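Read the structure below first, then the notes.
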Amino acid sequence: MPKHRAARLSAWALAPSLVFALAVPVAAIAAPADMDAIRKEVARQHDASIKRLQDWIALPSIAAENLNSREGAEYMARLAREAGFQKVEILDTDGKPGVFATLDAGAAKTVGLYFMYDVKQFDPAEWSSPPLEAKLVDKPGFGKVVMGRGAVNQKGPESAFLAALHAIRDANQAMPVNLVLVAEGEEEIGSPHIGQLVRRPEVAAALGKTMGVFMPAASQDAEGAVSVTLGAKGVVELELVASGEKWGRGPAKDIHSSLKAMVDSPAWRLVKALGTLVSDDGNTITIDGYPKAPPISAEEKAMVAAAAARRSEARAKTQLGVKHWIDDLPWLAANERLVSQPTVNIEGLVGGYTGPGGKTVLPHQAVAKIDMRLVPGMKKDDAVAALKAHLAKRGYGDIEVKVSGGYDATSTRADAPLVQAQVATLKRLGIDPTFWPRNAGSYPGFVFTDPPLSLASGHFGLGHGSGAHAPDEYYLIESTNPKVQGYDGAVMSFVEYLYELGK
């Protein structure tokens, strides 16, 4: 091999000055990669990769608790540098810091990455294994899993992607694409400052050169099936606060409950206000002037029908711990509702005494933590404005609406090259995927898919995990089902995808 070609193969892992000094034609890296060499490197690095994931889980960055946000960004930056990104910066926002990194391999194509380094809150008492110890435990029916907060959402898949970069480099193979990484530390509170990261001139310029942006994921269900998802619902996270101070009635501090006979209750006021937001069964939004969801399209119906036919309703009910869907809907109709309908959900109700036993008080304040999911065609700002106007119209204008974060829904076309590369990769790996219109959950893909970037965006990655936002969250490491990939299989899926994107 000519000397300049050998230099090209490893140049993406070297110092930026050397990378930019090399002027090697694209044809120099066009040779097919030695997948066997990469696969051997993945296996050789397995223990180190799992240790990297466990160490990452041991550092929880929880935006809602202002815990380890700076430390989390610094750790994310370190992981990026170790994986071969030459330029890595921690960027401050009005909230938590983010990370911007680029990997220049001198490749013809560039791909964007979206990471999050923050995780949800947790109560160790609810877990069967300590949530920060990331122990390897046996999970019947699945195999060996790492259990911990952030295991699948999203540190497991993200660590597997980074492991893919380590393996490609250490197998002395050419990196097939250049990479642009944006990582944030506020996803779990509604990404209130993601725009301040992505719209910085240097970040927007780098992303503008990409063919799209994807987020590493564990996309296989318990049976190994994969759906290629074309978007996600938007979300608004907020608190509704009823207080004696703002209301002008009720107590200014907690008082003895016997006084309810002569003093108004902010807690009951909040409950009555909440009742006006939805129908009696809680399933239909009744907020005056609320944005309307467009009807589900024939194309989306076909996607849902194809996917639902392959999924087990019984397994879904068992995993979720439910016996009925809304209105006792059949499986297909329930899935159509899942992707097409907005929601107003009560995450939690907080007021007065919530400890053991009773404490006879009349609380001076009550809070409802709310999330509202939005489908394409609905705007976050319109939803918030309608909620405020509704409360005022119904006589509850004193109830404070405190929005902590949120964003609009996102969609990507099925024929986008970023998506078609997913389909090609999956089929080459023996998986016949279905399309899914959008995740019922949310991620801030709007900053990539909306103008001015107008990029494709999505999720990709084999492997399996579950329990996001819940106790006993896990990510599969060693699978007992040959159809479901463990950690090394997930790593190789990212390797295959990167080379497909580079074609």
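Translational diffusion coefficient of the range 93-202 (Stokes-Einstein, Kirkwood radius from Cα pairs, 37 °C, 0.692 mPa s): 201 µm²/s.
Extending 7 Å from Cα along the Cβ direction at residue 299 and again at residue 346 yields two label points whose distance is 3.9 nm.
Most tightly packed first, judged by the mean number of other beta-carbon atoms within 10 Å of their residues, the peptides 148-161, 488-501, 345-358 read 148-161, 488-501, 345-358. Among residues other than residue 339 with Cβ under 10 Å from its Cβ, the summed charge is +2 (Lys and Arg +1, Asp and Glu -1). When the alpha carbon coordinates of the range 350-465 are projected onto the principal axes, the ranges are 65, 38, 19 Å, largest first. Looking at the square roots a ≥ b ≥ c of the eigenvalues of the Cα gyration tensor of the range 417-503, which shape do they give, rounded for a/c under 1.5, prolate if a/b is larger than b/c, or oblate? It comes out oblate by the Cα gyration axes. Residue 109: which lysines have alpha carbons under 21 Å from its alpha carbon, excluding same-chain residues fewer than 8 sequence positions away? Qualifying lysines at Cα under 21 Å: 87, 209, 503. Percent of C-alpha pairs per 10 Å bin in the range 145-252, short distances first: 10, 27, 33, 16, 8, 5, 2, 0. Net charge of the neighbourhood of residue 233, taken over other residues with C-beta under 9 Å away and scored Lys/Arg +1, Asp/Glu -1, is +2. As a length-normalised measure over Cα pairs under 8 Å and 6 or more apart, the relative contact order of the chain settles at 23 percent. Scaled to the globular estimate 2.2 N^0.38 Å, the Cα spread of the range 345-386, given as radius of gyration, is 1.75. Using every pair of separate Cα atoms, the Kirkwood estimate puts the hydrodynamic radius of the chain at 24.3 angstrom. For the range 240-280, the C-alpha radius of gyration sits at 1.25 times the compact-globule guess of 2.2 N^0.38 Å, with N the residue count. Put simply, the convex hull of the Cα atoms in the range 234-346 casts, on average, a shadow of 10.5 nm². Legend: residue pairs 253/393; 51/139; 135/427; 246/359; 144/323; 233/292, Cα-Cα distance threshold 22 Å; pairs beyond threshold, 253/393; 135/427; 246/359; 144/323. Taking the convex hull of the alpha carbon positions in the range 288-419 and averaging its projected area over all directions gives 12.4 nm². The alpha-carbon atoms of the range 20-143 define a convex hull whose volume equals 161 cubic angstrom per residue.
Based on alpha carbons, the Rg and Dmax found for the range 147-210 are 14.8, 40 Å.
Here the chain carries DSSP beta bridges of which approximately 75% are antiparallel, counting only pairs with both residues inside. Pair-distance distribution P(r) for the range 191-271, from all Cα-Cα distances in 5 Å bins starting at 0: 3, 9, 12, 11, 9, 8, 8, 7, 8, 10, 10, 5, 2, 0 percent. Of the two radii for the range 321-363, the radius of gyration is 1.25 times the Kirkwood radius, both from the alpha carbons; that is the Rg over Rh value. Estimated from helices alone, the mean residue ellipticity of the chain at 222 nm is -10000 deg cm²/dmol (sum of -39500 (n - 2.57) over DSSP H runs with n ≥ 4, per residue).
Each reported figure results from applying straightforward, stated rules to the coordinates on display, with no laboratory input. Predicted, not measured: the structure shown is a model, and the values here were computed from it. Note that each Cβ is placed from the backbone with ideal geometry, even for glycine, and that neighbours are counted across all protein chains shown.
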